[in-house]
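The values are calculated or read from the model by the stated rules, or taken from the named source; none is laboratory data. Keep in mind the model is a prediction, meaning the values are calculated, not measured. So basically every Cβ, Gly included, is an ideal-geometry build from the backbone, and we count neighbours across all protein chains shown. Ligands, DNA and RNA are stripped out before the accessible areas are found, and what is left, the full protein with its side chains, is counted by its heavy atoms. Shrake-Rupley method; radii C 1.70, N 1.55, O 1.52, S 1.80 Å.
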Amino acid sequence: MATMILLPDGASGHTYHWAANTGTHEDCLDDDNGDTSYVACSAANRQLNLTYANPSVAEGDIDFSVAPSVRFLSSGRSTHRTTDSEVDISFLTPTAGFSETVSYDKHASSYETINGTPRLTSDGSATWTYSDLENLSMKCIKNGSIQVRLSYLALEVTYTPAVTTNATFFGANF
């Protein structure tokens with residue numbers, strides 16, 4: 001099995017409620033660097049939509065007869081002393097759903113890594129296609145009013161590399 005990481009490349013939704021402390025939302029979420037760059041939100045039910053870069057592996061280099069899996073990787077923290085901070089993270093495209101509630105620990109002095117469940121299907125029944133991987137977007141919805149800071153939200157694609165045969169047999173057919 002091999003993996004590739006897809007990083008955010010665009011943001012929409014209630015971006016004014018999901019404030020970037022520096023640069024753009026997608027820039028704040030493309031590396032796990034703690035309080036150096038993050039997006040913060042304390043407004044309940046506010047949504048941040050993120051699009052992701054296309055795969056770094058060519059379609060022909062992935063064996064789709066073995067179902068790839070996709071999961072989110074996150075790093076965040078609650079800024080409150082006594083209460084955790086929660087965010088619902090789900091796929092927006094290719095098919096909306098697979099929501100998971102992520103709870104970042106209270107009074108954390110450092111960021112906490114929480115990863116999503118690996119998904120073997122794009123919609124609950126159909127395995128991932130390359131087109132699906134080229135069209136990934138995620139949605140974050142803030143639960144409650146306890147501020148959360150997210151420093152990283154990437155997608156991990158685990159796949160089986162395609163086997164290629166490029167053998168030359170010096171003019172003889174075998």
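The set of residues in the range 101-117 being surrounded by 15 or more Cβ atoms within 10 Å (Cβ to Cβ) and free of Cβ contacts under 8 Å to residues at least 24 places away in the same chain consists of 103 alone. Do you know which of the residues in the range 81-91 that are open to solvent by 60 Å² or more (accessible area, probe 1.4 Å) and not in a strand (DSSP E or B) is farthest from residue 149 (Cα to Cα)? Out of the qualifying residues, it is 82.
For first residues located in the range 68-86 and over 16 Å from residue 29 (Cβ atoms) and without any contact (Cβ under 8 Å) to a residue 60 or more places away in the chain, partners that are open to solvent by 60 Å² or more (accessible area, probe 1.4 Å) and not hydroxyl-bearing (Ser, Thr, Tyr) and lie 6+ apart or on another chain with Cβ distances below 8 Å form the pairs 81/106; 81/107; 82/106; 82/107.
If you check 40, 58 for being within 17 Å of residue 104 (Cβ to Cβ) and either among the small types (Gly, Ala, Ser) or at pLDDT 95 or above (or both), only one passes: 40. Residue 122 meets all of the listed conditions (1) within 30 Å of residue 160 (Cα to Cα); (2) open to solvent by 50 Å² or more (accessible area, probe 1.4 Å); (3) of a type outside the set (Val, Ile, Thr); (4) over 13 Å from the mean Cα position of the chain (by Cα) but one, namely (2).
Check whether at least one residue in the range 127-141 is at pLDDT 95 or above, out of contact with any strand residue (DSSP E or B) (no Cβ under 8 Å at 6 or more places or on another chain) and over 17 Å from residue 158 (Cα atoms), and report yes or no. No - not one qualifying residue is present in the range 127-141. Annotation: of all residues in the range 136-166 being outside any strand (DSSP E or B) and surrounded by 15 or more Cβ atoms within 10 Å (Cβ to Cβ), the one that is nearest to the chain's Cα centre (by Cα) is 136. Pairs are defined by a Cβ separation below 6 Å, a sequence spacing of at least 6 or placement on different chains, a first member in the range 139-157 that is under 13 Å from residue 112 (Cβ atoms), and a second member that is surrounded by fewer than 20 Cβ atoms within 10 Å (Cβ to Cβ) and among the acidic types (Asp, Glu); the pairs so defined are 151/32; 152/32. Among strands (runs of 3 or more DSSP E) entirely within the range 1-80, having at least 1 residues that are open to solvent by 20 Å² or more (accessible area, probe 1.4 Å) and closer than 14 Å to residue 138 by Cβ singles out 2-6, 8-13, 47-52, 69-78.
Being under 18 Å from residue 77 (Cα atoms) and either open to solvent by 30 Å² or more (accessible area, probe 1.4 Å) or in contact with a Lys or Arg (Cβ under 8 Å, 6 or more places away or on another chain) (or both), is that true of even one residue in the range 92-100? Can you show your working first?
The first filter runs over the range 92-100 and keeps only residues under 18 Å from residue 77 (Cα atoms), leaving 100.
Applying the additional criterion that residues be either open to solvent by 30 Å² or more (accessible area, probe 1.4 Å) or in contact with a Lys or Arg (Cβ under 8 Å, 6 or more places away or on another chain) (or both) yields 100.
Checking the range 92-100: at least one residue is under 18 Å from residue 77 (Cα atoms) and either open to solvent by 30 Å² or more (accessible area, probe 1.4 Å) or in contact with a Lys or Arg (Cβ under 8 Å, 6 or more places away or on another chain) (or both).
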